[in-house]
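Worksheet: the structure to be examined is printed underneath.
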């Protein structure tokens, strides 16, 4: 009796590359986390008014992002995906309804980053996953809201108010 020692799942030439791609994705996520974590923490602290809850929210956000990292990498701007996730997690921790349901850049977020945290507009735009122009429009909307523009407000009791 002859038995075949064929693997149950045949090997493909790209199978080894897939493993290397997995390691690359992990390295990319760690670099992303290292690049954005401190700014995420500053934003969450400003919104929540306390460092402890903000740190938990940022850790939860980054954990959720890690789980969906390969999907985020498939998007045109992973930072925008991460920012929406962070903003949603902060909203949940703050007990506020989701902000900017229409998917518009949040003017209140732009205001917090630029005016409260004094972040350079190019860095704030990068953090939110926006072009510099999109960020400037969101910031303008915070100062002078137009009909249909994001009119999100941050509750004063928990953090900064826009």
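Here are the numbers for the structure shown:
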item	result
In the range 114-146, the residues that are surrounded by fewer than 16 Cβ atoms within 10 Å (Cβ to Cβ) and outside any helix (DSSP H, G or I)	118, 120, 131, 144, 145, 146
For residue 111: the one exception among (1) at pLDDT 85 or above; (2) not in a helix (DSSP H, G or I)	(2)
Filtered residues of the range 67-108 (kept if modelled with pLDDT under 85, exposed (fewer than 13 other Cβ atoms within 10 Å of the Cβ) and within 22 Å of residue 56 (Cβ to Cβ))	97, 98
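The values are calculated or read from the model by the stated rules, or taken from the named source; none is laboratory data. Quick caveat: nothing in here was measured; it's all calculated off a predicted structure. Neighbour counts run over all protein chains shown; Cβ positions are idealised from the backbone, glycine included.
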